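Chemist: Dumping the structure here so I can ask a few things about it.
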Amino acid sequence: MSLMQIVDFQVLGDDRGSLVALETGKEIPFDIKRVYYIFGTNPGVARGFHAHKALRQVAVCVSGSCRFVLDNGRRKEEVVLASPNHGLLIEHMMWREMYDFSEDCVLMVLASEHYDESDYIRDYDEFIKEAS
Ligand code: TYD
């Protein structure tokens, strides 16, 4: 199975433009406890480089684009997120790296838990050990 679980969002469009609504239990398969977004990323910057022990997330590029690499400890896949109509579901114990942020990129992340530094695995060797 692909590591890239892309959720297609329904776009409610009319002659004024477009609207996407995201709800717990519908498009988002967990209770949303936190939302954060990354924007104004400087050229050449890469982010992420961690996994979470329990956290689940859905990442949406609501503007612009960026490239995601996901790694479950056995294999790596990458995808370009470039549409506000799609979300990338990132399960727990998935190493993630983000690259190639466009200047206009706004990357919104919906998360299943509040911020908790103790849920992070920031060391790749430790991740590989825990994942196997
Ligand atoms: P960081 O985890 O380095 O971001 P990324 O993994 O996307 O590169 O987070 C940057 C800083 O923001 C770090 O000091 C932790 C803080 N932070 C919060 O306080 N709350 C949050 O929800 C997130 C995601 C980060």
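What follows draws every value from the coordinates through simple rules; no lab data is involved. This one's a predicted model, so the numbers in the text were calculated from it and none came from an experiment. Positions of Cβ are generated from backbone atoms using ideal geometry, with glycine treated the same way; all protein chains shown enter the neighbour counts.
Chemist: Do the conditions hold for PHE127, that is, is it within 19 Å of VAL45 (Cα to Cα) and not in a strand (DSSP E or B)? Give the derivation first.
Modeler: Details: within 19 Å of VAL45 (Cα to Cα): no; not in a strand (DSSP E or B): yes.
Spelling it out, it is not the case that PHE127 is within 19 Å of VAL45 (Cα to Cα) and not in a strand (DSSP E or B).
Chemist: Looking at the stretch 15-28 only, could you name the residues that are among the aliphatic types (A, V, I, L, M) and either assigned to a loop (DSSP other than H, G, I, E, B) or within 16 Å of the ligand (Cβ to nearest atom) (or both)?
Modeler: Of all residues in the stretch 15-28, those among the aliphatic types (A, V, I, L, M) come to 19-22, 28.
Within the stretch 15-28, VAL20, ALA21, LEU22 qualify.
Chemist: Hey, any hits in the stretch 75-91 for a residue that's without any contact (Cβ under 8 Å) to a residue 24 or more places away in the chain and at positive phi?
Modeler: no
Chemist: For the stretch 29-48, check the following and say yes or no: at least one residue is away from the ligand (no atom under 16 Å from the Cβ) and in a strand (DSSP E or B).
Modeler: no
Chemist: What pairs can you find where one residue is in the stretch 19-40 and under 13 Å from LEU55 (Cα atoms), the other is of a type in the set (Ser, Thr, Tyr) and part of a loop (DSSP other than H, G, I, E, B), and their Cβ atoms are less than 7 Å apart, with a gap of 6+ or different chains?
Modeler: PHE30/SER112; ASP31/SER112; LYS33/SER112; ARG34/TYR115
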